1. Here's a check for you: in segment 81-93, which residue that is farther than 22 Å from Val134 by Cβ and either open to solvent by 80 Å² or more (accessible area, probe 1.4 Å) or of a type in the set (Phe, Trp, Tyr) (or both) is modelled with the lowest pLDDT?
2. If I filter segment 102-119 for residues that are acidic (Asp, Glu), at pLDDT below 80 and open to solvent by 30 Å² or more (accessible area, probe 1.4 Å), do I get at least one hit?
3. Could you grab me the full set of residues in segment 332-353 that are under 24 Å from Pro369 (Cβ atoms) and in contact with a strand residue (DSSP E or B) (Cβ under 8 Å, 6 or more places away or on another chain)?
4. Select from segment 1-20 the residues that are at pLDDT 85 or above and of a type in the set (D, E, K, R) and write down the one among them that is most open to solvent (accessible area, probe 1.4 Å).
5. Taking the condition of being at pLDDT 90 or above and of a type in the set (A, V, I, L, M), how many residues in segment 21-80 meet it?
6. I'd like to verify a number: residues in segment 187-221 that are of a type in the set (D, E, K, R) and without any contact (Cβ under 8 Å) to a residue 12 or more places away in the chain, how many?
7. Report the residue count in segment 318-360 for those that are among the β-branched types (Val, Ile, Thr) and assigned to a loop (DSSP other than H, G, I, E, B).
8. Which pairs do you get when a residue that is more than 16 Å from Leu139 (Cβ to Cβ), found in segment 39-60, comes within reach of a residue that is of a type in the set (A, V, I, L, M, F, W, C) and outside any strand (DSSP E or B), reach meaning Cβ atoms under 7 angstrom, with the pair 6+ apart or on two chains?
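The values are calculated or read from the model by the stated rules, or taken from the named source; none is laboratory data. A quick note: this is a predicted structure, and the numbers were derived from the prediction, not measured. All Cβ positions, glycine included, derive from the backbone under ideal geometry; neighbour counts span all protein chains shown. What goes into the accessible areas is simple: the full protein's heavy atoms, side chains included, and nothing from ligands, DNA or RNA. Shrake-Rupley method; radii C 1.70, N 1.55, O 1.52, S 1.80 Å.
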Amino acid sequence: MDRIRGEFIDIIEWTDDGRDTIVWRFPRHGNEIKMGARLVVRESQVAVFVNEGRLADVYQPGTYTLSTQNMPVLSTLKGWKYGFESPFKAEVYFVTTRQFTDFKWGTQNPVILRDAEFGMVRVRAFGTFAAKVVDAAALLRELVGTDPQFRTEEVGEHLRQLIVSKLGSALGSAGVPLLDLAARQDGIGRQLADVLTQELTSTGIAVPRFYIENISVPPEIEAAIDTRSRMAITGNLDDYAKLQAADAIPLAAANPGTGGDALGLGVGMALGQRVVQSMPGTTAPSAPAAPGPAQPAPAADVPPPLPTAPRWFLAVAGQQQGPYDENALAGQVAAGNLTRTTLVWRSGQAAWQPADQIPELASLLADVPPPLPPQG
């Protein structure tokens, strides 16, 4: 029946009943499309006409009449020396031009990055991306060949490997601190989409959409970030020690016994001393001095030691600079290295902070203008 149907003039069309077919070849017995066949190309499709082994034309949506050397019945009869098959082969490949949005990607192995704050960091990432055919002729030449049905699974693994190979360089060249990666995921995704599209130009495939759903770090880095966040909330190391002591109270209550009682007693005594010290007009009792030879009383005319000036460190272009005293900081303001958004640190701070959030530096930054608003 296929041989008999092949003697009639064809109406060549394709209605895609799946969601994963990129290229589909019109089935015709012996690939002998007859002279005068009608080609119907719908929206979101293009048709590639291959006549006598060569790519003849690419048809956009519309209706066309094809010209071949295969005449109904006559070409078959004249092909008796070829086993009653016509030597003039003609084929039509339909190529889907819509976006395929069901591609997923992920890093099987972590990507190593150099971060200004955390040093060497291993990160993992995963997400989704969309792909579409922009050059049907190049796709047939480079990837499809004579495959009668080319599906997304045949090109998906190649695209995922290409993404992972480009992800490390994209994250490294972005120059974004680890803590700011979440806010810059959209920009990095657009950058990767452009890079992948340029890389796939020869295959006729483009990546119009690239999404990073999550970027994760190892558990030890997450624990360090959590600890730093807790310290930033408390404000300084002394308050952090109080927080640690407060956290130990429910643990001691939940574990009665010698160890728990001792821990609870020690924490209670420490908190009691804190309360006494905080009361106005009172001072905490000092521990009794150990017995020993009497120490001479300090001379009344001897002044106390001079106070030590604070030493400041700056983060400039991802590098730590310093220490500087207040006079040196004025020179850094004049040189443009110390601005309102420059991260600074000194002994006693829990974490690096922008300069405009530190009251001691307000006088130095009084004449420094704020950052310019975004330009339209």
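1. Phe84
2. Checked segment 102-119: at least one residue is acidic (Asp, Glu), at pLDDT below 80 and open to solvent by 30 Å² or more (accessible area, probe 1.4 Å).
3. Passing the criteria: Gln332, Asn337, Leu338, Arg340, Thr341, Thr342, Leu343, Val344, Trp345, Trp352, Gln353.
4. Of the residues in segment 1-20, the ones at pLDDT 85 or above are 12-15, 20.
Within this subset, residues satisfying the condition of being of a type in the set (D, E, K, R) are 13, 20.
Working: Glu13: 76, Asp20: 51 Å².
Ranking the qualifying residues of segment 1-20, first place goes to Glu13.
5. 8
6. 2
7. Qualifying residue count for the region: 4.
8. Every condition considered, the pairs that remain are Leu39/Leu66; Glu52/Phe88.
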